[in-house]
Amino acid sequence: MYNKSDVQDHSLSYSFVCKLIIHEKVPCALFYFSKSCKVVLLEAKLAKNSKFWNGLKKQLPKYLKIDACKNGIFLVIVYNDKDIKRINNIQDIAKETAEYYKVDIKIIIVDARTDNKESASKI
């Protein structure tokens with residue numbers, strides 16, 4: 001996860017590029033973010049996706065290599081408790097993958113469950 005300090009710097013401009021590629025005969029969008037000389041590639045997956053772990057262990061590292069990029073974000077969207085259980089060890093797997101490919105992979109989890117949050121109107 002990113003620290004608060006990683007997202008507070010609003011004084012520098014960021015570049016954003018979306019590139020459409022074909023992966024296994026399926027169109028995929030790759031997202032690139034850059035600030036100064038640091039480029040970050042974003043791979044997003046639903047936790048329930050049948051190729052979820054392939055996205056982290058194979059796809060993201062492959063895209064990083066193709067683009068000679070060392071920094072990646074694996075964004076995971078979870079919709080239920082089953083998804084949460086499925087990604088229980090994601091940080092360990094990300095660390096192993098990053099070490100194996102000699103890249104930096106950060107995990108961002110978007111908790112889109114609706115049954116575990118109090119309504120904002122009732123707070």
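Between K58 and Y100, the simple spin-label model (points 7 angstrom out along Cα→Cβ) gives 1.1 nm. For N71, nonlocal amide neighbours, meaning residues 5 or more places apart or on other chains whose placed amide H falls under 5 Å from its own, are L41, D104.
Pairwise alpha-carbon distances in the stretch 53-123 exceed 21 Å for 35% of all pairs.
Bear in mind that the values in this text are calculations on the coordinates, not laboratory data. Note that this is a predicted model, so its numbers are computed, not measured. Cβ: placed from backbone, ideal geometry, glycine included. Neighbour counts: every protein chain shown.
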